[in-house]
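Here the structure comes first, spelled out in structure tokens, and everything after it is commentary.
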Amino acid sequence: MSDRGDHQVSEQIAAVKLTAITKRFGSVVAVDNVDLEIADGEFFALLGPSGCGKTTTLRMVAGLEFPTEGSLKIFGDEAGTLPPNRRPVNTVFQDYALFPHMTVEANVAFGLKMQRVAKHEITGRVQEAISLVRLEGLEQRRSRQLSGGQRQRVALARALVNRPKVLLLDEPLGALDLKLRQEMQGELKALQREVGITFVFVTHDQEEALTMADRIGVMNEGELLQVGTPAEIYEHPVNRFVANFIGQTNLLDASVVSNDTVCLANGVHIPGKSDLPVGTRVAVCLRPERAGMHPPEGVPADQQSVVGRLESVTYLGNALVYTVVLDWVRLEVRRENQPGGYRPHVGEEVAVSWTLDAISVVRA
Amino acid sequence: MSSTVQPRGTTKIALTAHSWLVYLFFFAPIFVLIVFSFSDDNNVGRWGGFTLEWYQDFVEHNQLQNAVWVSVRVALLSTVISVVLGTLAALALERFKFRGRKVFDALLYLPIIIPDVTMAVMMLLFFSEFFDLLDAWFGLDLQKGLGSITISHIAFNISFVSVVVRARLAGMSEVLEEAALDLYATRWKTFRYVTFPQIVPGVAGGALLALTLSLDDVVITQFAAGPGATTLPVFVFGLIRRGVTPLINATSVLMLAASVILVALSLAFQQFSGRGGRPSLRAAREAVSAPPKTNTQIKEGINQ
């Protein structure tokens, strides 16, 4: 755990600060009262399903949409209604939006040319940006002569050459195939460390967000539900949606009995910490890899459990996923594929168990 | 080549014959026209030996020459203006959302749909009323002529230009313009460096179409023309009534040639735009067959 989570957001001027930002398109609320601070130098991911408002949020930072309400500051300067050409930010668009009638070199030089940077300086900076993304030798190509990965690099170079204070990336890896995407994840992360610029990227891919981001903001239906490091979000989701959206999870319906006890839907009281009022409907979030599995009579004394029938076993090679059916819930248990150990057969009664620190209680 | 969808036997013969007949029907009149424009006989349809006399007549005929220059001036002026206005209209309809957009959109097609004669009568009425009004207000004595012809040609050309330009704009992603704005371009520079280069084939195609339509128009021009000026097609139309000589043939051949050249240019431009990057594709293939330096090449280099 290197620098994750120790950004002192409030002590320095935030790179991007949204205060009570709302965006409406007619009667549709695309972004609903969002507060967000992104620190200088941070690699921040806006994560959510399509239509959740993450792209609209990004476009408001870029200046391609203006907020209906609220304040948007970029390094302390109010920028809510500035046109995009007057903001110190640049964008890597989803399909890269390279100018098809220009060469790679002209694409990269475009921003500098528009800013009337001196010719000799443009040449140097363009070369620098092109070598930063390792595209030397392709300067005279046009975008249709490039592969998807190369286009992505041109888009990056075209934005970074302007030395923006914030780089915005709209699903930057969405158009690439899986292998290339995984490669580029690492490259983007390394690139961000190298240039030290604040990166804000939008993605619907939770794995991408977990792998790349210093912090993640999870959005749904226009609301920003939770902001935190990947570990915080994965281990302490604030509600059912976040728990479900980030990684695989089992959610057991329950209600709060006291601040350290919840009542599962089957009527059993189990320990579960929460600061929600008594009676609140909640879900106990149990990650498949944190659940244990034992014969019904062999559950260790320090663990809670529920008993169900083993419905199926999915063989993944490095792991096995057991699906256990109860009359009120269906649970998945993931076990590393180790020799020996408990290997129940389909149809047998099994106990799915957990320790207190393996679960989190989230709002339903 | 002998796939099952290819016609065979008698079907094939019949279809081939049919195609040739259609083309014969198209081109026989043109061929006859061209042949008889070289006929040394005052009668339009009688062959009297080869001569270039009618072409000489065309060059020396003062009124004809006047009409040619009116035509050229009207065509150029109306093309330039309608290209600017038509492109602006296309941009507005394709890129902006505004109140009454759909109505404006529908109205823009009107000049394409309504019959020429109707448009011509409209123009006639419009100019007589409008000129009366201006004469009364400003004490002028306006006459129909070059100005009124040009205006009427602009009126129908805008529609054609905007349809052609819109087709091009629709195929161009708006994100490109957003990208330009994001890269510090002003609205004008975005248009100048990104939008315009993308739609230039459409604009050029629209311009050539407008030029052709303006040069060819008879009906509307006839109603909008005055004693002061008349265009070539209208003048030729008048010649017919005064007795026909092969001068008309020669004039028609020249007009035909001009139109064909313009249409060919227009098609060439649209072809160029449609394919987008044939030459570049070739370049890409060449580039792929000779990549900058692959890993294996580098390794071989080390081994040597």
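The values are calculated or read from the model by the stated rules, or taken from the named source; none is laboratory data. Bear in mind that the values here come from a model prediction, so they are computed numbers and not experimental data. Please note: Cβ atoms are built from the backbone with ideal geometry, for glycine as well, and neighbour counts cover all protein chains shown.
What number goes with the only condition from (1) part of a loop (DSSP other than H, G, I, E, B); (2) more than 23 Å from the chain's Cα centre (by Cα) that residue A:172 does not pass?
Condition not satisfied by residue A:172: (2).
Are any residues in region B:60-77 within 20 Å of the chain's Cα centre (by Cα) and surrounded by fewer than 19 Cβ atoms within 10 Å (Cβ to Cβ), and if so, which ones?
Once the filter is applied, which keeps residues that are within 20 Å of the chain's Cα centre (by Cα) and surrounded by fewer than 19 Cβ atoms within 10 Å (Cβ to Cβ), region B:60-77 yields B:69, B:72, B:73, B:76, B:77.
Give the residue that is surrounded by the most Cβ atoms within 10 Å (Cβ to Cβ), with candidates limited to residues of region A:243-285 that are small (Gly, Ala, Ser) and without any contact (Cβ under 8 Å) to a residue 40 or more places away in the chain.
Step by step, filter region A:243-285, then rank; the result is A:255.
Scan region A:115-126 and tell me whether some residue there is facing chain B (nearest Cβ under 8 Å) and out of contact with any Ser or Thr (no Cβ under 8 Å at 6 or more places or on another chain).
Yes, because at least one residue in region A:115-126 is facing chain B (nearest Cβ under 8 Å) and out of contact with any Ser or Thr (no Cβ under 8 Å at 6 or more places or on another chain).
Looking only at region A:197-242, which residues are buried (at least 19 other Cβ atoms within 10 Å of the Cβ), β-branched (Val, Ile, Thr) and in a helix (DSSP H, G or I)?
A:233, A:242
Could you go through region A:240-253 and let me know if any residue there is assigned by TED's automatic domain parsing to the domain that holds residue A:350, over 26 Å from residue A:47 (Cβ atoms) and aliphatic (A, V, I, L, M).
There is no residue in region A:240-253 that is assigned by TED's automatic domain parsing to the domain that holds residue A:350, over 26 Å from residue A:47 (Cβ atoms) and aliphatic (A, V, I, L, M).
Step by step: first the residues of region A:66-109, then only those that are more than 30 Å from residue A:142 (Cβ to Cβ) and of a type in the set (Gly, Ala, Ser), then the one that is surrounded by the fewest Cβ atoms within 10 Å (Cβ to Cβ). Which residue is that?
Per the stated criteria, the residue is A:76.
Somewhere in region A:163-171, is a residue away from every other protein chain (no Cβ under 13 Å) and touching a residue at least 12 places away in the same chain (Cβ under 8 Å)?
Yes, region A:163-171 has at least one match.
Output yes when any residue across region A:272-279 is among the polar types (S, T, N, Q) and modelled with pLDDT of 90 or more, and no when none is.
There is no residue in region A:272-279 that is among the polar types (S, T, N, Q) and modelled with pLDDT of 90 or more.
Of the residues A:280, A:314, A:323, which single one is more than 27 Å from residue A:204 (Cα to Cα), among the hydroxyl-bearing types (Ser, Thr, Tyr) and in the same structural domain as residue A:350 (by TED's automatic domain parsing)?
Exactly one of A:280, A:314, A:323 is more than 27 Å from residue A:204 (Cα to Cα), among the hydroxyl-bearing types (Ser, Thr, Tyr) and in the same structural domain as residue A:350 (by TED's automatic domain parsing), namely A:280.
Return the residue satisfying two criteria in turn: it lies in region B:84-131 and is closer than 17 Å to residue B:217 by Cα and touching a residue at least 60 places away in the same chain (Cβ under 8 Å), and of such residues it is surrounded by the most Cβ atoms within 10 Å (Cβ to Cβ).
The qualifying residue surrounded by the most Cβ atoms within 10 Å (Cβ to Cβ) is B:123.
Could you say whether any residue in region A:292-307 is among the acidic types (Asp, Glu), over 20 Å from residue A:242 (Cβ atoms) and in the same structural domain as residue A:254 (by TED's automatic domain parsing)?
Yes, there is a match, as at least one residue in region A:292-307 is among the acidic types (Asp, Glu), over 20 Å from residue A:242 (Cβ atoms) and in the same structural domain as residue A:254 (by TED's automatic domain parsing).
So which residues in region B:178-203 are within 25 Å of residue A:55 (Cβ to Cβ), part of a helix (DSSP H, G or I) and either at the interface with another protein chain (Cβ under 9 Å from one of its Cβ atoms) or of a type in the set (A, V, I, L, M) (or both), if there are any at all?
Answer for region B:178-203, where residues must be within 25 Å of residue A:55 (Cβ to Cβ), part of a helix (DSSP H, G or I) and either at the interface with another protein chain (Cβ under 9 Å from one of its Cβ atoms) or of a type in the set (A, V, I, L, M) (or both): B:178, B:179, B:180, B:181, B:182, B:187, B:190, B:194, B:198.
Any idea which of A:142, A:125, A:151, A:134 is in contact with a His (Cβ under 9 Å, 6 or more places away or on another chain) and either outside the structural domain of residue A:92 (by TED's automatic domain parsing) or over 13 Å from residue B:183 (Cβ atoms) (or both)?
On inspection, the qualifying residue turns out to be A:142.
Has region A:137-148 got at least one residue that is at the interface with another protein chain (Cβ under 9 Å from one of its Cβ atoms), touching a Pro at 6+ places or on another chain (Cβ under 9 Å) and crowded, with 17+ Cβ neighbours inside 10 Å?
Yes, because at least one residue in region A:137-148 is at the interface with another protein chain (Cβ under 9 Å from one of its Cβ atoms), touching a Pro at 6+ places or on another chain (Cβ under 9 Å) and crowded, with 17+ Cβ neighbours inside 10 Å.
Among the residues of region A:49-65, count how many are within 14 Å of chain B (Cβ to nearest Cβ) and either within 17 Å of residue A:39 (Cα to Cα) or loosely packed, with under 14 Cβ neighbours inside 10 Å (or both).
Residues in region A:49-65 being within 14 Å of chain B (Cβ to nearest Cβ) and either within 17 Å of residue A:39 (Cα to Cα) or loosely packed, with under 14 Cβ neighbours inside 10 Å (or both): 3 in total.
Residue under question is residue A:159, and the condition is that it be of a type in the set (Gly, Ala, Ser), touching a strand residue (DSSP E or B) at 6+ places or on another chain (Cβ under 8 Å) and either within 18 Å of residue A:94 (Cβ to Cβ) or not in a loop (DSSP other than H, G, I, E, B) (or both); does it hold?
yes
When you check residue B:80 against the structure, is it modelled with pLDDT of 90 or more, surrounded by 12 or more Cβ atoms within 10 Å (Cβ to Cβ) and either on the phi > 0 side of the Ramachandran plot or of a type in the set (A, V, I, L, M, F, W, C) (or both), yes or no?
Here the answer is yes, as residue B:80 does meet what is asked.
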